[in-house]
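Undergrad: Below is the structure I would like to discuss, written out as structure tokens.
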Amino acid sequence: MTDLKKRILIVDDEQEICDLLEVYLSNEGYEVHKFYAASGVLEYLENNKINMAILDVMLPDMDGFTLCRKIRERYFFPIIMLTAKIESADKINGITMGADDYITKPFQPLELLARVKAQFRRIEIYNQSIGQASQNDQEEYHVRGLDINATEHICSLYGKTIPLTPTEFEIVLYLCRHLGEAVSTEVLFEQVWGEKYLDSNNTVMTHIARIREKFNENARKPKWIKTVWGIGYKIEE
């Protein structure tokens with residue numbers, strides 16, 4: 001059971017799926033709020049605190065990718081996408097829009113429950129690291145115009161604040177903590193997500209692509225986050 005009741009928003013036009021997930025999540029102590037369409041979701045978020053959203057891609061009035069993007073304009077809680085599609089391009093699209101994880105229908109409720117717990121565990125670890133940093137001296141990194149303040153959770157580029165999600169911020173921060181080192185995709189995933197890396201997992205790649213987009217980087221000639229072919233990524237001093 002969770003120590004504090006966390007609020008999870010589910011947006012899926014299949015009522016059976018919403019009800020099933022509500023049973024499993026409620027049994028674990030989560031508070032569930034359901035919508036069967038995108039309509040009203042953004043207004044609801046303005047007036048209610050939500051700790052996580054689970055969004056279906058195929059909604060009757062707005063696709064889940066668009067809803068995810070609109071949510072990301074203002075909120076940074078974890079987002080898990082649900083879809084019946086299996087093409088890798090759809091997964092990349094979802095993460096590019098700001099999703100933290102992606103699960104394909106049909107799925108086992110226990111699998112999704114594990115993903116939910118993993119996201120909350122990652123956020124808790126992140127918050128603990130921020131709290132520990134705030135007790136010490138300011139942890140800052142300055143790399144050729146890229147500035148990271150770990151204590152205040154601020155990333156800026158040439159003085160302009162870059163709105164990174166907690167996951168994106170953790171990726172950049174970890175690479176800054178290992179300046180000049182080639183960090184493997186496996187290590188980066190396990191350090192940031194706190195889960196075992198699988199060979200078929202391209203989550204890190206898609207998050208790196210989104211960070212580069214926010215940095216206005218040329219993917220072929222990136223200035224900050226460089227690809228080390230066959231290994232992973234690095235930020236050079």
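Undergrad: For residues that are modelled with pLDDT of 85 or more and part of a loop (DSSP other than H, G, I, E, B), tally how many sit in the range 75-91.
TA: The first filter runs over the range 75-91 and keeps only residues modelled with pLDDT of 85 or more, leaving 75, 77-82.
Adding the requirement that they be part of a loop (DSSP other than H, G, I, E, B) leaves 75, 77-78.
Matching residues across the range 75-91 total 3.
Undergrad: Anything in the range 58-69 that is open to solvent by 10 Å² or more (accessible area, probe 1.4 Å) and within 21 Å of Asp100 (Cα to Cα)? List them, or say none. Talk me through it step by step, then tell me what you get.
TA: We begin by selecting, within the range 58-69, every residue open to solvent by 10 Å² or more (accessible area, probe 1.4 Å); these are 58-63, 65-66, 69.
Correct list: Met58, Leu59, Met62, Asp63, Phe65, Thr66, Arg69.
Undergrad: Sticking with this one: Mind listing whichever residues of the range 198-209 are part of a helix (DSSP H, G or I) and either modelled with pLDDT under 85 or aliphatic (A, V, I, L, M) (or both)?
TA: Answer for the range 198-209, where residues must be part of a helix (DSSP H, G or I) and either modelled with pLDDT under 85 or aliphatic (A, V, I, L, M) (or both): Thr203, Val204, Met205, Thr206, Ile208, Ala209.
Undergrad: Quick check on the range 19-57: of everything there that is farther than 21 Å from Lys70 by Cβ and polar (S, T, N, Q), which residue is most open to solvent (accessible area, probe 1.4 Å)?
TA: Asn27
Undergrad: For the range 223-234, what are the residues that are modelled with pLDDT under 90, open to solvent by 20 Å² or more (accessible area, probe 1.4 Å) and under 25 Å from Ile154 (Cβ atoms)?
TA: Lys223
Undergrad: Tally time: how many residues in the range 12-50 are closer than 15 Å to Pro109 by Cα and not in a loop (DSSP other than H, G, I, E, B)?
TA: 14
Undergrad: At pLDDT below 80, surrounded by 17 or more Cβ atoms within 10 Å (Cβ to Cβ) and not hydrophobic (A, V, I, L, M, F, W, C), is that true of Gly94?
TA: On the way: at pLDDT below 80: yes; surrounded by 17 or more Cβ atoms within 10 Å (Cβ to Cβ): yes; not hydrophobic (A, V, I, L, M, F, W, C): yes.
So Gly94 fits the description; yes.
Undergrad: In addition: Assuming Met52 fulfils every condition listed in (1) touching a Pro at 6+ places or on another chain (Cβ under 6 Å); (2) more than 19 Å from Arg121 (Cα to Cα) apart from one, which condition is it?
TA: Condition (2) is where Met52 drops out.
Undergrad: Do we find that Asn127 is open to solvent by 30 Å² or more (accessible area, probe 1.4 Å), modelled with pLDDT under 85, under 28 Å from Arg69 (Cβ atoms) and touching a helix residue (DSSP H, G or I) at 6+ places or on another chain (Cβ under 7 Å) in this structure?
TA: Considered against the rule, which asks whether it is open to solvent by 30 Å² or more (accessible area, probe 1.4 Å), modelled with pLDDT under 85, under 28 Å from Arg69 (Cβ atoms) and touching a helix residue (DSSP H, G or I) at 6+ places or on another chain (Cβ under 7 Å), Asn127 comes out as no.
Undergrad: Taking the residues in the range 171-192 that are charged (D, E, K, R) and in a helix (DSSP H, G or I) as candidates, determine which candidate is most open to solvent (accessible area, probe 1.4 Å).
TA: Top of the filtered list is Arg177.
Undergrad: Scan Glu213, Glu168, Glu195, Glu237 and give me the residue that is in a helix (DSSP H, G or I) and open to solvent by 30 Å² or more (accessible area, probe 1.4 Å).
TA: Glu213
Undergrad: Next question. Within the range 60-77, can you find the residues that are out of contact with any strand residue (DSSP E or B) (no Cβ under 7 Å at 6 or more places or on another chain) and within 22 Å of Arg7 (Cβ to Cβ)? Walk me through how you get there before you give the answer.
TA: Of the residues in the range 60-77, the ones out of contact with any strand residue (DSSP E or B) (no Cβ under 7 Å at 6 or more places or on another chain) are 60-63, 65-66, 69-70, 72-76.
Residues satisfying the conditions are Met62, Arg69, Lys70, Arg72, Glu73, Arg74, Tyr75, Phe76.
Undergrad: Got a number for residues in the range 97-121 being assigned to a helix (DSSP H, G or I) and in contact with a helix residue (DSSP H, G or I) (Cβ under 6 Å, 6 or more places away or on another chain)?
TA: Final tally of qualifying residues: 2.
Undergrad: Right, something else. Take the residues in the range 140-165 that are acidic (Asp, Glu) and open to solvent by 80 Å² or more (accessible area, probe 1.4 Å); name whichever of them is modelled with the highest pLDDT. Even if it seems obvious, please write down each step before you answer.
TA: Narrowing the range 140-165 to residues acidic (Asp, Glu): 140, 147, 152.
Subset that is open to solvent by 80 Å² or more (accessible area, probe 1.4 Å): 140, 152.
Working: Glu140: 85, Glu152: 79.
This residue is Glu140.
The values are calculated or read from the model by the stated rules, or taken from the named source; none is laboratory data. As the structure is a computational prediction, the values presented were derived from the model and not from experiment. Quick reminder, even Gly has a Cβ in these numbers, built from the backbone with ideal geometry, and neighbours come from all protein chains shown. These accessible areas exclude ligands, DNA and RNA; they are computed on the full protein's heavy atoms, side chains included. Shrake-Rupley method; radii C 1.70, N 1.55, O 1.52, S 1.80 Å.
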